[in-house]
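Since the structure comes first, as structure tokens, the remarks are kept for the end.
Just so you know, all these numbers are worked out from the coordinates, no wet-lab data involved. It should be emphasised that the depicted structure is a prediction, and the values quoted were computed from it without experimental measurement. For neighbour counting, all protein chains shown are included, and Cβ atoms are generated from backbone atoms with ideal geometry for every residue, glycine included.
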Amino acid sequence: MSLSEYIDYPRWPQLAEESLRIDVRLPEKVKVGEKELTYSKKFRGIVISGMGGSGIAGDIVRDTLQDMIDIPIIVNKDLHLPSYVNDDYLVVAISYSGNTAETIRCYESCIEKGIPVITISTGGKLRELAERNGTPHITIPKATAPRYGLPCLLYSCLRAVGKALSIEDKVLSLAENSINYMRKALDDYPTRFKALADKLANKFTMIYTPSPIASLGVRFKNDMNENAKQPVAVCIIPESEHNDLAIHIREIENLEILVVDAPSIRNTEHGVHVTALMKVLEELGRRFHKIELEGDSRLSEIVYGVTGLGMLTIDIARIVGVDPVKIEAIDRVKKYVTSRS
Ligand code: PA5
């Protein structure tokens with residue numbers, strides 16, 4: 001398959017750069033009805049609220065920034081915000097379409113409770129509400145479907161969170177650098193990833209991912225589910241060493257195992273766990289494929305991995321004979337929910 005057949009992947013670096021350039025003006029305060037939303041304060045935490053291909057941007061932002069800041073980044077993939085979230089938090093409501101019921105509901109509860117909120121979408125109801133209420137909104141470029149627009153969702157979200165936390169320069173430089181690794185993954189794809197397509201097609205895959213880059217495992221699962229229509233279990237190291245590892249004393253049919261390794265993990269405590277896991281799999285006679293990431297930061301590594309593994313799921317979709325873009329079952333459930341709410 002030529003690069004142009006990988007849907008939006010060949011233009012990911014361009015989408016990433018474009019989205020990183022979108023600035024957002026954060027007002028001091030916005031008055032909506034009786035409520036005053038204050039954006040100029042030291043927040044107690046950041047909540048990134050979104051579903052599926054949009055929510056995953058929140059996971060990646062959390063993995064990227066959590067160890068650089070002294071407040072929690074909470075990723076909310078639900079209808080409601082956690083009850084402890086109040087006006088001391090900043091919420092980023094992110095939805096590619098702007099029409100996802102759960103994300104709109106979270107935006108509305110921010111307005112009801114006076115919680116400062118930034119929205120990110122290509123348009124839709126979320127943008128309409130933000131314009132009506134005067135809350136900050138970022139309009140991102142379009143792609144073929146939400147998951148293929150990951151660079152738009154991720155880089156705009158990173159920039160917005162960087163700005164809200166006054167670490168914009170640091171975030172910009174990390175983000176710019178990571179785009180080089182997105183390019184590298186596009187170049188490396190034929191030699192580093194593609195050969196796995198035949199091996200994973202029509203199989204159940206378990207992906208073992210160290211916790212600091214857990215978002216990569218989640219994104220791979222989502223891409224496999226939506227693009228290739230295949231099941232995946234995400235096993236986060238070290239937690240997986242306390243449960244799912246136990247199954248490997250049995251030979252399980254049609255199971256493939258991936259283990260993710262990354263430069264930022266090697267020579268750390270997490271690295272010890274990854275090595276221990278691989279050693280035990282070997283001792284038990286279980287074959288696994290090692291995914292060696294490249295990158296000079298956690299963000300670069302994740303971006304390298306989501307690009308290469310994402311393209312892989314497109315190849316798998318073609319091998320198993322499904323349309324990677326169509327997600328009929330998801331569309332049906334959205335229609336059902338919308339008609340009843
Ligand atoms: O990738 C997809 O198409 C889905 O996972 C969507 O992202 C998900 O259904 C949420 O929709 P949206 O991203 O428009 O909020």
Overall dimensions of segment 185-320 by Cα: Rg and Dmax, Å
14.0, 39
per DSSP, antiparallel bridges as share of beta bridges in the chain, % nearest 5, sits at 10 percent
Output the antiparallel fraction of DSSP beta bridges having both residues in segment 3-166, as a percent to the nearest 5.
20 percent
Chain lengthening between GLU34 and LYS142 when straightened (0.36 nm per residue, less Cα-Cα)
35.4 nm
List the lysines whose alpha-carbon lies under 26 Å from that of LYS290, not counting same-chain residues fewer than 8 positions away?
LYS184, LYS194, LYS199, LYS203, LYS221, LYS229, LYS279
One quarter of the convex hull surface, Cα atoms only: what value does that give for segment 1-57 in nm²?
6.5 nm²
Using alpha-carbon positions, the gyration tensor of the chain gives root eigenvalues a ≥ b ≥ c; with a/c under 1.5 called rounded, otherwise prolate if a/b exceeds b/c, else oblate, the class is prolate
So what does log10 I(q)/I(0) come out to for segment 1-95 at q = 0.11, 0.14, 0.16, 0.17 Å⁻¹, using the Debye formula with one equal point on every Cα and no solvent?
-0.45, -0.68, -0.85, -0.93
Computed [θ] at 222 nm, helices only, for the chain once each DSSP H run of length n ≥ 4 contributes -39500 (n - 2.57)
-14500 deg cm²/dmol
Measure off 7 Å from each Cα along the Cα-to-Cβ vector at SER339 and LYS170, then give the distance between these two points in nanometres to one decimal.
5.0 nm
Going through segment 184-265, which GluC sites (Glu not before Pro) have at most 15 other Cβ atoms within 10 Å and a DSSP loop state?
GLU251, GLU253
Under 19 Å from the Cα of LYS125 - lysines, other chains or at least 8 residues apart
LYS77, LYS142, LYS334, LYS335
Over the chain, what relative contact order in percent results from Cα pairs under 8 Å that are six or more residues apart?
18 percent
Unit charges at the beta carbon, dipole of the chain: most positive-side option, ALA130, VAL61, ILE74:
ALA130
Show me the ranking of peptides 14-27, 155-168 by mean Cβ neighbours inside 10 Å, starting with the highest.
155-168, 14-27
Two decimals is fine: what is log10 I(q)/I(0) at q = 0.10, 0.12, 0.20 Å⁻¹ for segment 3-166, from a Debye sum with one equal scatterer on every Cα and no solvent?
-0.32, -0.46, -1.31
Cross-link partners of LYS163 among lysines (Cα-Cα below 19 Å; sequence separation of 8 or more within a chain):
LYS29, LYS41, LYS42
Arranged from highest to lowest average of other beta-carbon atoms within 10 Å per residue, in what order do the peptides 262-270, 332-340 appear?
262-270, 332-340
Between LEU3 and LYS326, what is the label-point separation in nm under the 7 Å Cα-to-beta-carbon projection?
3.0 nm
What distance in nm separates the two pseudo spin-label positions at ILE319 and GLN66, each 7 Å out from Cα along the beta-carbon direction?
3.2 nm
